[in-house]
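Peer 1: Handing you a structure now.
The values are calculated or read from the model by the stated rules, or taken from the named source; none is laboratory data. Note that the structure is predicted; figures quoted are calculated from it, not measured. For neighbour counting, all protein chains shown are included, and Cβ atoms are generated from backbone atoms with ideal geometry for every residue, glycine included. We work out accessible area using only protein heavy atoms, side chains counted, and drop any ligands, DNA or RNA first. Shrake-Rupley method; radii C 1.70, N 1.55, O 1.52, S 1.80 Å.
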Amino acid sequence: QVSMPGALFTRASSGQRWRSGLQCCFQPAAAGAWRCQGSQGLDDEALWEDIAAFKSRRPRPVSVKEVLNNPEPRALAKFLHVEVPVRYAERIRWIEDIQDWGDIEELAEVHACHVQTFRELRTVRRYPELSNFTEVVKAAAARTRMVPHQLAGAMHRLHAERGPSFGGSFANKWLDKFLLNRIGSEMLMAQYLALATSTAHYEAGQVRSGGIIDPHCNVAEVCQVVAFRIQERCATITGRTPTVNVEAFSAAGGDEHGIPRLSYVPFFLRYILEEILKNSCRATVEVVKSSRELSRRPISIVVCADERFVAIRVADRAGGVPADVGKRVWSYLYTTAANSAKYGEGATALAGFGVGLPLSRLYARYLGGSLDLVSLPGCGTAVHIFLPRVQSEQIEVVPDDDNPV
């Protein structure tokens with residue numbers, strides 16, 4: 001047996017796989033995070049057989065059109081009750097594929113929480129009311145809130161303790177598939193909770209709620225809101241406020257006043273833009289020597305569209321990405337914060353954890369889009385985002401072992 005903070009792990013009798021003897025509960029942790037605390041009592045052979053069975057199943061990706069056309073909580077609950085455990089089981093498998101994963105505290109904790117969520121989803125009933133199912137989904141969503149940072153920390157620890165075989169090549173591929181799979185689970189659960197906890201009562205024939213999906217998301221407006229928020233943050237931290245200009249164009253005849261709109265999850269778009277603008281604003285204020293020079297280096301956001309796609313370009317004039325950095329901007333092991341021996345140390349509200357840009361690219365990919373970065377040395381950096389706007393073409397990308405990223 002190996003004791004770890006908040007958990008007890010026993011090595012399974014067959015092979016080297018670890019089995020967690022945990023029941024997770026919520027305990028407030030530092031900085032408002034939630035941690036999964038362990039106690040003994042979950043050594044149920046049937047549970048592990050159930051997880052093994054679900055690992056072999058393939059996920060069933062859905063489109064935005066399907067989600068919007070099925071706004072009833074009970075119908076979505078029925079789908080989630082089977083689909084989310086499939087995705088959780090796959091992620092449990094990926095953790096267990098890492099040799100001696102139980103020795104890495106962050107992996108052990110994420111594994112324990114995944115097992116607990118799987119167990120609760122497989123045992124909760126949806127009838128006669130959805131209340132118990134809703135509470136299980138709420139708990140699952142809350143306990144995975146810090147997973148990207150936990151896993152990034154785990155990759156840093158693996159690299160430090162086990163060397164080059166767990167370097168950027170391994171960490172980036174493993175985290176990309178794990179976190180992209182997770183985005184799908186989180187979207188489905190958040191959509192269900194938005195519908196299930198709504199106080200609105202719909203009559204037959206009335207327009208239904210889109211849940212967390214805005215059927216008419218005004219992209220330029222989201223850009224303006226995010227830009228103002230990051231400008232304020234930059235002013236607070238650095239004492240300087242970069243100029244950010246937002247323009248919108250459309251070649252699609254149906255876009256009123258030439259303002260592109262699409263069915264999208266505003267949270268995803270805000271997250272993507274926040275991470276890009278944090279980098280552009282920080283780089284801009286660091287490269288200038290005066291307020292006058294700052295005004296000559298505006299950050300430009302251009303939103304444009306045709307009938308099938310919405311495109312966003314965020315461009316700065318901060319000199320471009322240094323040559324020695326290059327593609328490392330997409331690595332979870334790279335951060336623009338001050339060098340630190342420990343993951344997360346030296347982080348600020350503008351930089352520091354190393355998950356922002358790679359996770360933004362995953363959010364863009366999740367519904368069939370893309371995010372790319374072009375650096376022009378001596379000039380600046382441009383990020384290009386392309387998002388499909390036809391609902392039937394906005395289909396989840398859900399990695400599994402038969403469908404890699």
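Peer 1: How high is the FRET efficiency from Tyr127 to Lys327, r the C-beta distance, R0 60 Å, rounded to 0.05? Write down the numbers at each step before the final one.
Peer 2: Working: r = 51 Å, r/R0 = 0.85.
My answer for the efficiency is 0.70.
Peer 1: Go through segment 167-173 residue by residue and turn each phi into a ³J(HN,Hα) via Karplus (6.51, -1.76, 1.60, θ = phi - 60°); whole Hz please, and just put x for glycine and proline.
Peer 2: So the J values, rounded to whole Hz, are x, x, 4, 5, 4, 5, 5.
Peer 1: Let me ask something additional. Where only protein heavy atoms count, and the probe is 1.4 Å, what is the accessible area per residue for segment 55-120 in Å²?
Peer 2: Per residue, segment 55-120 has an accessible area of 35 Å².
Peer 1: Let me ask another. Modelled label-to-label distance, Phe267 and Asn245, 7 Å Cα→beta-carbon offset: nm?
Peer 2: Using points 7 Å along Cα→Cβ, the separation is 3.5 nm.
Peer 1: For a protection proxy built on the mean count of beta-carbon atoms within 10 angstrom, sort 78-88, 249-259, 235-245, 62-72 highest first, please.
Peer 2: Descending packing order for the listed peptides: 78-88, 62-72, 235-245, 249-259.
Peer 1: Just want the answer: with Cβ charges of +1 for Lys and Arg and -1 for Asp and Glu, which residue in Trp101, Pro71, Val84 is farthest toward the dipole's positive end in segment 67-112?
Peer 2: Pro71
Peer 1: Would you work out what percent of the accessible area of segment 86-227, with all protein chains in place, is carbon or sulfur (probe 1.4 Å)? It would help to have the intermediate numbers written out before the result.
Peer 2: Numbers: 2760 of 5720 Å².
Using a 1.4 Å probe with all protein chains present, segment 86-227 comes out at 48 percent carbon and sulfur.
Peer 1: What is the magnitude of the charge dipole of segment 264-333 about its Cα centre, with +1 placed on the Cβ of each Lys and Arg, -1 on the Cβ of each Asp and Glu, and no other charges, expressed in debye to the nearest 20? Show your work: numbers first, answer last.
Peer 2: Values: 12 positive and 8 negative charges, 49 e Å.
Charge dipole, segment 264-333, about its Cα centre: 240 debye, nearest 20.
Peer 1: How much accessible surface area, in Å² rounded to 10, belongs to the heavy atoms of Glu275 with a 1.4 Å probe?
Peer 2: 20
Peer 1: In segment 189-307, what percentage of the DSSP-assigned beta bridges are antiparallel, given to the nearest 5?
Peer 2: On the way: 3 of 8 bridges.
Of all bridge pairs located within segment 189-307, approximately 40 percent are antiparallel.
Peer 1: Using 0.36 nm times the number of residues separating Arg292 and Thr238, minus their current alpha carbon distance, what extension gain do you get?
Peer 2: Length difference between fully extended and current span is 17.9 nm.
Peer 1: Then there's this: At 0.36 nm per residue, minus the direct Cα-Cα distance, what do Glu307 and Ser392 gain on full extension? Give it in nm, one decimal, please.
Peer 2: Here the answer is 29.3 nm.
Peer 1: Less than 14 Å Cβ to Cβ from Arg126, Lys/Arg counted +1 and Asp/Glu -1: what total charge do the surrounding residues give?
Peer 2: Charge balance near Arg126 sits at -1.
Peer 1: While we're looking at this one, here's another question. Report, by chain and number, residues whose modeled amide H sits under 5 Å from the one on Ile299, excluding near sequence neighbours (fewer than 5 apart, same chain).
Peer 2: Correct list: Thr243, Val244, Asn245.
Peer 1: By how many nm would the segment from Lys173 to Asp100 lengthen if fully extended, with 0.36 nm per residue of separation less the alpha-carbon distance?
Peer 2: The Lys173-Asp100 span can extend by a further 24.4 nm.
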